[in-house]
Amino acid sequence: MNISLIELISCSPTKSNLCTMKPKIDNLINRKEIERVADSFLSKLQCSYTQCTVPDPANDDYIEKLDWRKDPIRNHSDWTVIIRDGKGSKKYHVHKAQLAGWEKRSEFFAKEFTDKSNTMNVSDVYLPNPAAEVFPLLLDYFYDLKTLDFNTKNAAALRYISNYFDVRDLYGKVVKFMESDLTIKTAPSYILAAEAVMDKEL
């Protein structure tokens, strides 16, 4: 599929991959941000002097999947989560639709996203260190990026974090795993893990 450049895209006559965007937008709030988005778009095109060829959208390599690990501008992140553990903090750039928009939703974040007083689009959360360390696993679960493997070492922290963020689907799965994994041999590990995250219910 070919698109006419006209006034939208200007390409170099000598370098087929050298194209620039000429958007007709008045009163740009953040020109650099728009240029970065434009660069992302142009990188998907195969440009010549007179036209650009758009790759087949059905090709998985072309489709830009949402991913909390990717550049927040190019991946259109619309929320930031700051996790603090008492020793430091880490920012995660996420997408509201992934954290609260489907069956793996977090009721905690669903409420955060509808809080009109939060004009900064930021959630600042304190977690015990073991829970903070498994937060990336929780994000992978939301984004369906990797299969979440439960084990004796991470189960207690995942139970805590799924309960804290009210992720009912995940909470049910991790509790089911722990019930099957709990033995005389693993019990001491679960006791220590529960103390580490201050989980008095475990």
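The values are calculated or read from the model by the stated rules, or taken from the named source; none is laboratory data. Quick caveat: nothing in here was measured; it's all calculated off a predicted structure. Cβ: placed from backbone, ideal geometry, glycine included. Neighbour counts: every protein chain shown. All accessible areas refer to the heavy atoms of the entire protein, side chains included, with ligands and DNA or RNA removed. Shrake-Rupley method; radii C 1.70, N 1.55, O 1.52, S 1.80 Å.
In table form, for the structure just shown:
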read-out	value
Every pair of residues 6+ apart whose Cβ atoms lie under 8 Å, when the first sits in the range 67-87 and is over 19 Å from Leu138 (Cβ atoms) and open to solvent by 30 Å² or more (accessible area, probe 1.4 Å) while the second is aliphatic (A, V, I, L, M) and part of a loop (DSSP other than H, G, I, E, B)	His76/Leu66
Residue match in the range 88-110 (condition: at negative phi, at pLDDT 95 or above and basic (Lys, Arg))	yes
Residue tally, condition in contact (Cβ under 8 Å) with a residue 24 or more places away in the chain and in a loop (DSSP other than H, G, I, E, B), over the range 152-173	5
Residue within the range 105-122 that is under 12 Å from the mean Cα position of the chain (by Cα) and outside any loop (DSSP other than H, G, I, E, B) present	no
Whichever residue in the range 139-169 is within 21 Å of His76 (Cβ to Cβ) and either touching a strand residue (DSSP E or B) at 6+ places or on another chain (Cβ under 6 Å) or of a type in the set (Asp, Glu) (or both) and, among such residues, is surrounded by the most Cβ atoms within 10 Å (Cβ to Cβ)	Asp140
Selection from the range 128-151 of residues that are farther than 28 Å from Thr183 by Cβ and part of a loop (DSSP other than H, G, I, E, B)	Asp144, Leu145
Residue count, the range 178-195 (criterion: open to solvent by 50 Å² or more (accessible area, probe 1.4 Å) and part of a helix (DSSP H, G or I))	7
Contacts under 8 angstrom Cβ, first residue in the range 90-106 being in contact (Cβ under 8 Å) with a residue 60 or more places away in the chain, partner open to solvent by less than 30 Å² (accessible area, probe 1.4 Å) and not aromatic (Phe, Trp, Tyr), 6 or more apart	Lys104/Val167; Lys104/Leu170; Arg105/Leu99; Arg105/Val167; Ser106/Leu99; Ser106/Ala100; Ser106/Val167
Qualifying residues in the range 92-138 (those that are small (Gly, Ala, Ser) and open to solvent by 40 Å² or more (accessible area, probe 1.4 Å)) - the one farthest from Arg159 (Cα to Cα)	Ser117
Of all residues making up the range 113-153, the number that are among the acidic types (Asp, Glu) and at pLDDT below 95	4
